[in-house]
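Visitor: So that we are looking at the same thing, I have put the structure below in structure tokens.
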Amino acid sequence: MDSFDYRNGTLYCEDVRVRDIAAEVGTPAYIYSRATVEHHYRRIEEAFNAGAPLICYSVKANGNLAILRLMKEMGSGFDVVSGGELFRTLKVGGDPRKTVFAGVGKTDHDIRYALEAGVLAFNVESLAELENIERIAADMGRKAPVVIRVNPDVDPKTHTHITTGKAENKFGVDMRVTEEMIARIAGMTHVKLLGFHCHIGSQITDIEPYGFAIRKMTALFQNCRRSYPLEYLNIGGGFGIYYRGDEARPVKEFAEQIMPFVKTSRCKLLLEPGRFIVGNAGILVTRVQYVKISGARRFLICDAGMNDLMRPALYNAFHRIWPVEGNGGPDTAAENLSPADVVGPICESADYFARERPLPPVKRGDLLTVFSAGAYGFSMSSNYNSHPRPPEVLVEGDSWRTIRARETYQDLIRGEEAED
């Protein structure tokens with residue numbers, strides 16, 4: 001249930017017309033549906049209910065404070081990968097005891113900050129990192145809770161840039177190093193091993209790789225629990241969403257693959273979903289500045305670009321696109337379609353949202369919707385070409401509010417100095 005639909009030829013987010021929001025806040029703009037966020041969070045809760053999981057929302061997907069506060073209100077913990085993300089979660093009153101700190105390159109400052117905050121665990125990604133955490137914890141007179149991130153060498157069959165569980169990826173450690181780390185922890189006085197972590201990738205639509213990974217992880221967990229009072233098995237997230245319209249699998253099917261092994265191992269289950277919760281809960285609205293015909297190609301030049309939504313340029317990612325005022329929407333058969341390149345204003349040939357996409361006639365001033373932009377949209381945005389970043393809006397039923405103001409030119413130079 002995603003609360004974006006066309007009524008009488010115009011796009012609504014919940015019970016608000018998208019064109020009315022754009023008229024007030026301008027374009028480009030990110031618009032999120034609270035009802036959709038809540039719906040997808042509850043779907044994960046229900047699917048994994050038998051394992052009573054601790055859901056740790058992945059802040060990197062969308063770290064807006066209003067989204068994080070909503071996560072907290074629903075009972076979520078948090079998965080953070082930087083001191084800045086931890087700061088965000090603490091700012092909204094997130095419980096550090098329900099927060100895991102991941103990432104391959106934690107700085108000394110990050111580690112100290114997390115230890116002071118009292119996070120649930122560090123997802124440790126290397127022997128060198130483990131030794132550094134032990135050193136810092138000793139200096140602070142603390143005992144650091146850690147979970148070893150294991151790389152199970154499983155192909156999740158997703159885009160190469162978001163694959164994280166294969167041997168050639170930088171994430172986690174193989175079984176041999178895992179055993180060495182376990183042996184090292186036995187001699188450490190300022191580190192406590194709580195369990196294991198495994199995240200094989202993002203936007204996964206094939207269930208089978210999860211079965212391979214979870215079998216390896218639960219076997220490891222049961223074997224090591226003979227020597228350590230282990231508690232947690234963190235299986236990450238990565239459940240796919242629909243970008244094209246039919247590729248995602250119901251999350252309950254992932255749970256059906258995973259839960260039998262979890263029950264057998266009697267571990268406490270941790271999940272780190274991000275995209276699954278917010279991906280389909282957001283859109284990017286942009287206005288067509290020019291329609292340009294060059295040879296056989298039609299270019300729709302918009303005021304949003306790769307600086308606002310990086311995914312197509314970075315991953316060649318597909319997003320459905322359709323006019324805000326457009327009968328039927330992108331998933332219906334329509335007449336008078338012709339191919340168009342939807343591009344932005346950035347001085348890069350990679351600055352595009354779609355190439356040769358069948359679209360209806362569009363003119364200067366028309367609004368276009370880029371769907372499924374709630375995850376890794378604004379969070380990956382930048383000021384490239386000195387473009388201010390767009391506002392973020394949250395719709396709640398028949399009302400809406402701006403949850404991040406549009407940046408100004410003054411914001412672009414904040415912190416800079418120029419000689420008189």
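Visitor: Output yes when any residue across segment 340-355 is surrounded by fewer than 19 Cβ atoms within 10 Å (Cβ to Cβ), over 26 Å from the mean Cα position of the chain (by Cα) and of a type outside the set (Gly, Ala, Ser), and no when none is.
Guide: Yes, segment 340-355 has at least one match.
Here's the yes/no breakdown for (1) in a loop (DSSP other than H, G, I, E, B); (2) farther than 18 Å from Val285 by Cα:
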position	(1), (2)
Asn327	yes, no
Asp331	yes, no
Glu335	yes, yes
Pro339	no, yes
Ser349	yes, yes
Phe353	no, no
Glu356	no, yes
Thr369	no, no
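Visitor: What residue, among those in segment 364-406 that are hydroxyl-bearing (Ser, Thr, Tyr) and at positive phi, is farthest from the chain's Cα centre (by Cα)?
Guide: Checking each candidate, the answer is Ser386.
Visitor: Within segment 84-105, which residues are out of contact with any Phe, Trp or Tyr (no Cβ under 7 Å at 6 or more places or on another chain), modelled with pLDDT of 95 or more, not in a helix (DSSP H, G or I) and not hydrophobic (A, V, I, L, M, F, W, C)?
Guide: Gly93, Asp95
Visitor: Going residue by residue through segment 378-394, is there one that turns out to be crowded, with 16+ Cβ neighbours inside 10 Å and either farther than 14 Å from Tyr30 by Cα or not assigned by TED's automatic domain parsing to the domain that holds Arg298 (or both)?
Guide: yes
Visitor: Testing His161 on (1) in a helix (DSSP H, G or I); (2) modelled with pLDDT of 90 or more, one condition comes back false. Which one is that?
Guide: Going through (1) in a helix (DSSP H, G or I); (2) modelled with pLDDT of 90 or more one by one, His161 breaks only (2).
Visitor: Here are the criteria: (1) among the β-branched types (Val, Ile, Thr); (2) outside the structural domain of Ile200 (by TED's automatic domain parsing); (3) touching a Gly at 6+ places or on another chain (Cβ under 6 Å). Tell me which single one Val324 does not satisfy.
Guide: With respect to (1) among the β-branched types (Val, Ile, Thr); (2) outside the structural domain of Ile200 (by TED's automatic domain parsing); (3) touching a Gly at 6+ places or on another chain (Cβ under 6 Å), Val324 is out only on (3).
Visitor: Which one of Met217, Met175 is out of contact with any Lys or Arg (no Cβ under 9 Å at 6 or more places or on another chain) and aliphatic (A, V, I, L, M)?
Guide: Of Met217, Met175, the one residue that is out of contact with any Lys or Arg (no Cβ under 9 Å at 6 or more places or on another chain) and aliphatic (A, V, I, L, M) is Met217.
Visitor: Right, another one. Being touching an Asp or Glu at 6+ places or on another chain (Cβ under 9 Å), buried (at least 16 other Cβ atoms within 10 Å of the Cβ) and more than 20 Å from Gly26 (Cα to Cα), is that true of even one residue in segment 363-370?
Guide: The answer is no; no qualifying residue exists.
Visitor: Is it the case that Leu90 is out of contact with any Ser or Thr (no Cβ under 6 Å at 6 or more places or on another chain), surrounded by fewer than 21 Cβ atoms within 10 Å (Cβ to Cβ) and over 19 Å from Arg275 (Cβ atoms)?
Guide: Against the criterion (out of contact with any Ser or Thr (no Cβ under 6 Å at 6 or more places or on another chain), surrounded by fewer than 21 Cβ atoms within 10 Å (Cβ to Cβ) and over 19 Å from Arg275 (Cβ atoms)), Leu90 qualifies.
Listed here are the residues, each with its yes/no results for (1) within 22 Å of Ser58 (Cα to Cα); (2) crowded, with 24+ Cβ neighbours inside 10 Å.
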{"site": "Gln222", "(1), (2)": "no, no"}
{"site": "Ser227", "(1), (2)": "no, no"}
{"site": "Gly282", "(1), (2)": "yes, yes"}
{"site": "Thr286", "(1), (2)": "no, yes"}
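Visitor: Among the listed residues Pro28, Pro53, identify the single one that is touching a residue at least 24 places away in the same chain (Cβ under 8 Å) and within 16 Å of Pro390 (Cα to Cα).
Guide: Pro28
Visitor: Still on this structure, please answer the following. Consider segment 268-314. How many of its residues are basic (Lys, Arg) and closer than 30 Å to Ile235 by Cβ?
Guide: The number of residues fulfilling the criteria is 3.
Visitor: Can you tell me which residues in segment 125-152 are in contact with a helix residue (DSSP H, G or I) (Cβ under 8 Å, 6 or more places away or on another chain), in contact (Cβ under 8 Å) with a residue 60 or more places away in the chain and in a strand (DSSP E or B)?
Guide: Selection gives Val150 alone.
Visitor: Working carefully through the options Leu309, Leu314, find the one that is surrounded by fewer than 19 Cβ atoms within 10 Å (Cβ to Cβ) and among the aliphatic types (A, V, I, L, M).
Guide: Unique residue meeting the criteria: Leu314.
Visitor: Within segment 248-307, which strands (runs of 3 or more DSSP E) (wholly inside it) include 2 or more residues that are assigned by TED's automatic domain parsing to the domain that holds Phe353 and modelled with pLDDT of 95 or more?
Guide: 282-294, 297-302
Visitor: On to the next question. If I filter segment 46-56 for residues that are at negative phi, of a type outside the set (Asp, Glu) and part of a loop (DSSP other than H, G, I, E, B), do I get at least one hit?
Guide: Yes, that holds for at least one residue.
Yes or no, residue by residue, for (1) without any contact (Cβ under 8 Å) to a residue 12 or more places away in the chain; (2) among the hydrophobic types (A, V, I, L, M, F, W, C); (3) over 20 Å from Met140 (Cα atoms):
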{"position": "Arg88", "(1), (2), (3)": "no, no, yes"}
{"position": "Gly93", "(1), (2), (3)": "no, no, yes"}
{"position": "Lys98", "(1), (2), (3)": "no, no, yes"}
{"position": "His109", "(1), (2), (3)": "no, no, no"}
{"position": "Ala117", "(1), (2), (3)": "no, yes, no"}
{"position": "Leu120", "(1), (2), (3)": "no, yes, no"}
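The values are calculated or read from the model by the stated rules, or taken from the named source; none is laboratory data. Here the structure is a predicted model, which means the values were calculated and not measured. Cβ: placed from backbone, ideal geometry, glycine included. Neighbour counts: every protein chain shown.
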